[in-house]
Amino acid sequence: MIILLRIFSGSVDITAAMLMYKFNDLEKAFYINTLLALVGPIVLIITTGIALFGLSEKVSLTRMICLFAGILLIVYSLKSK
């Protein structure tokens, strides 16, 4: 499942790059890039969740909480000024 999500994420990035090239407009490229900024963190959170669910017997609850807290901090730092 993680592999499929990463393939999807990469396909979205490549499609966005092709659209930016096709439109050749800074405003449209900025809008497309903004949409990409939403897809990346969502895929990161979902893939990490899938991995932690699969490793739930091997990883302690405290480590899982710390990992998700770290991911949330990364996402927050991307959105803050």
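The values are calculated or read from the model by the stated rules, or taken from the named source; none is laboratory data. The structure displayed is predicted, hence computed values, not measured ones. Heads up, the Cβs are rebuilt from the backbone with ideal geometry, glycines too, and the neighbour counts pull from every protein chain shown. Surface areas here come from the heavy atoms of the whole protein model, side chains and all, with no ligands, DNA or RNA. Shrake-Rupley method; radii C 1.70, N 1.55, O 1.52, S 1.80 Å.
In a fully extended conformation the segment linking residue 1 and residue 79 would gain 25.4 nm over its present Cα-Cα distance, using 0.36 nm per residue.
What number, rounded to the nearest 500 deg cm²/dmol, is the helix-based mean residue ellipticity at 222 nm of the chain, given -39500 (n - 2.57) per DSSP H run of at least four residues and division by all its residues?
That comes out to -30500 deg cm²/dmol.
Which FRET efficiency value, to the nearest 0.05, is calculated for residue 66 and residue 38 with the Förster distance at 25 angstrom and r the Cβ-Cβ distance? Plugging the Cβ-Cβ distance into 1/(1 + (r/R0)^6) gives 0.50.
The slack in the chain from residue 53 to residue 27, taken as 0.36 nm per residue of separation less the alpha-carbon distance, amounts to 5.4 nm. The Cα center of segment 19-35 and the Cα center of segment 45-81 differ in position by 31 Å.
A crude spin-label estimate for the pair residue 46 and residue 15, with each label 7 Å from Cα along the Cβ direction, gives 1.2 nm.
So if I place +1 on the C-beta of Lys and Arg and -1 on the C-beta of Asp and Glu, and nothing else carries charge, what would the dipole magnitude of the chain be about its Cα centre? I want it in debye, nearest 20.
Value, rounded to 20: 140 debye.
Per-atom-type breakdown for segment 5-81 gives carbon and sulfur 72% of the accessible area (1.4 Å probe, protein chains only).
Summary value for the chain: 32 percent relative contact order, contacts being C-alpha pairs under 8 angstrom separated by 6+ residues.
For the chain, the solvent-accessible area of protein heavy atoms averages 81 Å² per residue (probe radius 1.4 Å; ligands and nucleic acids excluded). Shape class of the chain from the alpha-carbon gyration tensor: oblate, with a/c at 1.5 or above and b/c at least as large as a/b.
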